[in-house]
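The numbers here are math on the coordinates, done by the rules we state, and not lab data. Values in this document were obtained by computation on a predicted structure and should not be read as measured data. Note that we place each Cβ from the backbone using ideal geometry, even for glycine, and neighbour counts take in every protein chain shown.
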Amino acid sequence: DKSNRWNSTNAQGLAEYNLRRFGGSVVGYELGNEPGLHLHPPYGKNGVNASDETLAADYTTLQAMLRSVYAGSPTPRPLVIGPDADLMGDLKDFLKAGPAINVTSFHSSPFFSSCSVADLLSPHTIKLIRAKFNEYVPLL
């Protein structure tokens, strides 16, 4: 919508269906795998980017929605996963905004236009990924 907030209506229907159909086999839900790369609203189309606070509020909505769907169910509630720490604005600001996540993810994509196995396995690339990952360790 125009406020850049996530509309959880379809997600709630999907979570209800998944609970009925698959029971406890759904381990987690992730809202916006890589928000910095999305081309669809609310996280990117036409230069619109959600703030850390908006994204945190959306994750809180997801967590509350799953709490509601799984209330009274003996099935464990799925984890709320994400967002990709490497492509977010500032993970520290996002975490300070109070998101209800259980797990964050880190997808290192050092080569966006082209990537070979040799590129990914090179010692230089591995050092870059390790250094980037180590930036986030103190925040977790």
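Extension gain for the segment GLU53 to VAL103, taken as residue separation times 0.36 nm less the Cα-Cα distance, is 16.2 nm to one decimal.
In this structure, the amide hydrogen of GLY28, modeled 1.01 Å from its nitrogen in the peptide plane, lies closer than 5 angstrom to those of LEU79, counting only residues at least 5 positions away or on a different chain. A protection proxy built from the mean count of other Cβ atoms within 10 Å ranks the segments 121-132, 59-70, 13-24, most packed first, as 59-70, 13-24, 121-132. Placing pseudo-labels 7 Å out from each Cα toward the beta carbon at TYR136 and ASP119 gives an inter-label distance of 2.0 nm.
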